[in-house]
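K.L.:
Take a look at this one; I'll ask things after.
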Amino acid sequence: MQQKILLIGGPGTGKTSVLNELIKRDYFCFPEISREVTLKAQQQGIEQMFLAQPLLFSQMLLEGREQQFIDAIKSDSKLVFFDRGIPDIHAYMDYFKTKYPAIFIEKSKQYVYDKVFHFSPWKDIHETDNERYETFEETKAIDVFLMKSYLDLGYNIIDVPFGSIDERTNFVLNSLSSNL
């Protein structure tokens, strides 16, 4: 039986670094798609699409993450890792006080992940860049909304301890090995 494993946390908390390590170790992984959506918007002259057109941006994320979930189901992989999940979308909209249709919650209930690993804000590794503009303080605030969204949906959340990329990746894999 396939397990869909989700990595969540605010911007700059190490999720993508761990996902990239999982890819190096030949696990089937879906990267975060918001960077791709942001870059496409920037090519069209919209500097920060989420801020300029939050509902359109969120709809594009929803479609992409839903497709990732469907593609995972179609795969033969026993373990599939995702950098962010569908509930992240409405968590961000809640953080930005953006009104949104019920479909975002409905899709979060329809597509359920088996395990959720949480990466807490960590000042030592937090960086901003062209697509990640959130300050560390904003990351901490966003993290509160992420946790609330997943807890409201009934998820048990596993906190990933601070450490090297290898240590964090091994923690995730060791946490799963007892269930394989």
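The values are calculated or read from the model by the stated rules, or taken from the named source; none is laboratory data. The shown structure was predicted, so the numbers you read here are calculated from the model rather than taken from an experiment. Don't worry about glycine lacking a Cβ; one is built from the backbone with ideal geometry, like all the others, and counts go over all protein chains shown.
K.L.:
Checking residue 70 against (1) in contact with a helix residue (DSSP H, G or I) (Cβ under 6 Å, 6 or more places away or on another chain); (2) closer than 22 Å to residue 149 by Cα; (3) of a type in the set (A, V, I, L, M, F, W, C); (4) in a helix (DSSP H, G or I): exactly one of these is not met. Which one?
P.N.:
Condition (1) is where residue 70 drops out.
K.L.:
While we're looking at this one, here's another question. Confirm whether residue 166 is among the acidic types (Asp, Glu) and surrounded by 16 or more Cβ atoms within 10 Å (Cβ to Cβ).
P.N.:
Criteria not met by residue 166.
K.L.:
Residue 53 fails exactly one of the following numbered conditions: (1) over 19 Å from residue 19 (Cα atoms); (2) under 15 Å from the mean Cα position of the chain (by Cα); (3) at pLDDT below 95. What is the number of that condition?
P.N.:
Checking residue 53 against (1) over 19 Å from residue 19 (Cα atoms); (2) under 15 Å from the mean Cα position of the chain (by Cα); (3) at pLDDT below 95, the one that fails is (2).
K.L.:
Name the residue that is surrounded by the most Cβ atoms within 10 Å (Cβ to Cβ), counting only residues in segment 93-120 that are hydroxyl-bearing (Ser, Thr, Tyr) and at pLDDT below 95. Quick ask: steps written out before the conclusion?
P.N.:
Of all residues in segment 93-120, those hydroxyl-bearing (Ser, Thr, Tyr) come to 95, 98, 100, 108, 111, 113, 120.
Filter once more, keeping what is at pLDDT below 95: 95, 98, 100, 120.
Details: 95: 19, 98: 14, 100: 17, 120: 16.
The qualifying residue surrounded by the most Cβ atoms within 10 Å (Cβ to Cβ) is 95.
K.L.:
Inspect all residues belonging to segment 25-45 and state whether any of them is at pLDDT below 85, among the acidic types (Asp, Glu) and under 14 Å from the mean Cα position of the chain (by Cα).
P.N.:
yes
K.L.:
Just a yes or no: is a residue in segment 52-65 outside any loop (DSSP other than H, G, I, E, B), among the charged types (D, E, K, R), under 30 Å from residue 163 (Cα atoms) and touching a Lys or Arg at 6+ places or on another chain (Cβ under 8 Å)? Talk me through it step by step, then tell me what you get.
P.N.:
We begin by selecting, within segment 52-65, every residue outside any loop (DSSP other than H, G, I, E, B); these are 52, 54-65.
Adding the requirement that they be among the charged types (D, E, K, R) leaves 63, 65.
Next, from what is left, pick out any that are under 30 Å from residue 163 (Cα atoms): 65.
Narrowing the set further to residues that are touching a Lys or Arg at 6+ places or on another chain (Cβ under 8 Å) leaves 65.
Yes, segment 52-65 contains a residue that is outside any loop (DSSP other than H, G, I, E, B), among the charged types (D, E, K, R), under 30 Å from residue 163 (Cα atoms) and touching a Lys or Arg at 6+ places or on another chain (Cβ under 8 Å).
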